[in-house]
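Heads up: the structure comes next, in structure tokens.
The values are calculated or read from the model by the stated rules, or taken from the named source; none is laboratory data. What you see is a predicted model, and the numbers here were worked out from it, not measured in a lab. Cβ: placed from backbone, ideal geometry, glycine included. Neighbour counts: every protein chain shown.
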Amino acid sequence: MIRLLFKIQTHQTHFPLSPLSTLVILLILGMPHPSWAAHTHDHTHQELEEIKQRLKVIELETDRRRITGAEERKEFKDKTPESEENYPILSSQKTRLSGGLTFILQGVTNNERQFGGNRADGSLSIDLILESEIRHNGLLIVRGDFMRGDGLSRLPDIFAGGVNADVENFKNDGSFANNPDSFHLIEALYEQTWKRERYRLSFGQIDLTSYFDQNEFANSETFQFISPLFVNNIAIDWGGDANGYGPGLLLHAHPFDMLEFNLGFFEGDGNYTDMIDQPFWIIEIEYERYQRELEGHYRFIYWSNETIHPSILNTSVAISGNTGFALSFDQALTQNLGLWGRFGTQDGEVSNYDLTASGGFQFNELFGREGTTLGIAFGMSFISDGYKQSSSLDKDETITEVYYNIKTAHGIHISPDVQHITHPGGDGTIAPITIYGLRAQIVF
């Protein structure tokens, strides 16, 4: 009898019972009464077996309720492009720690000696994401990374800002040298949702590109294209620091099934000073289209960066602000083929290029091989009239990129990658260069 009472009480974490409830259950289950002590040993053993079976039923029902309750809780927002492969290293009902490791090796051919010649350089990044539920429908997100290596940086000036979007700028002088011993804070924000997550308010340190200018087929340097031109719209003069990280708030509204709105207000240069005087604000309208189970997204963006910009024609003249608009779409054509495109403009008086256009295709399971993705992209950055006059350059930069992402049996993604760049930085006197790369990526 003592052993039986102990077994019931040990399940209180799943099925809380008061002392009175425990007594009632024992009576219902047929606990032997002292007056029956004379019954045979076999009969008592049979009753105990029946009690064990009934306890198993109670235990199974308790577990079912616990699992059902966990499934009904709000799922965490997953920022990795392949969430089904993300096995967090720490996970509970309210807190989750996940991340990814990315190694990129790139080599260049036909690079002139004045820019460093032909060589190969690499970069390594470790991203960590901590998510924790706070109160009802509230979520705290902290994201940061460690980095080693500057990647392939000794190249001619490139309008796109480089050939490796995974390398970030954490130096005040604009260089891409990274301190390998430092943890770089990317995001630290709070999100509150309501109306079944159709509305969301976020504020804190925010990565603007995590919420604006999304694209299903060209938005991740760790799984898709590596060139910055094909990760986000480079014609948008993003607020925040050189990486687009900074303080601010955004409001997301999804009032209708096919229509979403995003409105953001951020500090202009990410240094937490003059946060109201020189802001960056942006509005995005997204239309979702479904036809025969094929999903598509079409976005219109208008933005304004009101920080002080030097004039392209005369750097001693300050111009307040840079504005522009952007278009973006991704459309599934079949279950294994997707088409995407981007277009953007900015003020040519303060920018080396005033218009960009890019697009491409994504092929899944090419040749019937599961776990493979082929991406093809082409883009152009059109030199601005002001930069033509001030620099005597007159060419438009073009970039072509092809990658092939292969998922191995161990969950590691291996991606050979090739980029070809003509007229880098608008300079027609520089020979075209070719970038060969190999990327390895794993999420955890």
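Tabulated data
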read-out: Single residue of the range 258-274 satisfying the filter (more than 16 Å from S320 (Cβ to Cβ) and in a loop (DSSP other than H, G, I, E, B)) that is farthest from the chain's Cα centre (by Cα); value: T273
read-out: Qualifying position, being touching a Gly at 6+ places or on another chain (Cβ under 9 Å), at pLDDT 90 or above, of a type in the set (A, V, I, L, M) and closer than 30 Å to M380 by Cβ, among A218, A165, A188; value: A218
read-out: Lone qualifier among E295, E286 - being surrounded by 13 or more Cβ atoms within 10 Å (Cβ to Cβ), outside any loop (DSSP other than H, G, I, E, B) and out of contact with any Leu (no Cβ under 8 Å at 6 or more places or on another chain); value: E295
read-out: Unmet criterion (only one of (1) over 30 Å from L374 (Cβ atoms); (2) free of Cβ contacts under 8 Å to residues at least 40 places away in the same chain; (3) out of contact with any Leu (no Cβ under 6 Å at 6 or more places or on another chain)) for G246; value: (2)
read-out: Matching residues in the range 285-325 - criterion: being under 26 Å from the mean Cα position of the chain (by Cα) and of a type in the set (V, I, T); value: I285, I301, T323
read-out: The one condition in (1) touching a residue at least 40 places away in the same chain (Cβ under 8 Å); (2) more than 11 Å from D166 (Cα to Cα) that S125 fails to fulfil; value: (2)
read-out: Qualifying position, being in the same structural domain as G426 (by TED's automatic domain parsing) and either at pLDDT below 90 or part of a loop (DSSP other than H, G, I, E, B) (or both), among S304, S390; value: S390
read-out: Of all residues in the range 397-424 being over 19 Å from I226 (Cβ atoms) and among the small types (G, A, S), the one that is surrounded by the most Cβ atoms within 10 Å (Cβ to Cβ); value: G411
read-out: Residue count, the range 413-444 (criterion: within 30 Å of D354 (Cα to Cα) and either of a type in the set (K, R) or assigned to a strand (DSSP E or B) (or both)); value: 11
read-out: Residue that is nearest to I312 (Cα to Cα), among those in the range 376-394 that are small (G, A, S) and either crowded, with 17+ Cβ neighbours inside 10 Å or without any contact (Cβ under 8 Å) to a residue 12 or more places away in the chain (or both); value: G386
read-out: Count - residues of the range 210-250 that are in a loop (DSSP other than H, G, I, E, B) and under 17 Å from I141 (Cβ atoms); value: 6
read-out: Those residues of the range 355-390 which are closer than 23 Å to S320 by Cα and either more than 27 Å from the chain's Cα centre (by Cα) or of a type in the set (S, T, Y) (or both), in sequence order; value: T356, F382, I383, S384, D385, G386, Y387, K388, Q389, S390
read-out: The range 238-259 - residue that is among the aromatic types (F, W, Y) and touching a helix residue (DSSP H, G or I) at 6+ places or on another chain (Cβ under 8 Å) and, of those, surrounded by the fewest Cβ atoms within 10 Å (Cβ to Cβ); value: W238
read-out: Residue list for the range 260-273, restricted to those being more than 13 Å from G239 (Cα to Cα) and among the acidic types (D, E); value: E260
read-out: Candidate set: the range 309-322, residues that are surrounded by fewer than 15 Cβ atoms within 10 Å (Cβ to Cβ) and farther than 18 Å from S391 by Cβ; chosen: the one modelled with the highest pLDDT; value: A318
read-out: Qualifying position, being touching a helix residue (DSSP H, G or I) at 6+ places or on another chain (Cβ under 8 Å) and crowded, with 16+ Cβ neighbours inside 10 Å, among N352, N364; value: N352
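Conditions (1) hydroxyl-bearing (S, T, Y); (2) in a strand (DSSP E or B); (3) modelled with pLDDT under 90, marked per residue:
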{"site": "G324", "(1), (2), (3)": "no, yes, no"}
{"site": "S328", "(1), (2), (3)": "yes, yes, no"}
{"site": "A357", "(1), (2), (3)": "no, yes, no"}
{"site": "F361", "(1), (2), (3)": "no, yes, no"}
{"site": "M380", "(1), (2), (3)": "no, yes, no"}
{"site": "Y403", "(1), (2), (3)": "yes, yes, no"}
{"site": "G411", "(1), (2), (3)": "no, no, yes"}
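Conditions (1) touching a residue at least 24 places away in the same chain (Cβ under 8 Å); (2) out of contact with any Ser or Thr (no Cβ under 8 Å at 6 or more places or on another chain); (3) under 21 Å from E216 (Cα atoms), marked per residue:
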site	(1), (2), (3)
P310	yes, no, no
T315	no, yes, no
I319	yes, no, no
N336	yes, yes, yes
D396	yes, no, no
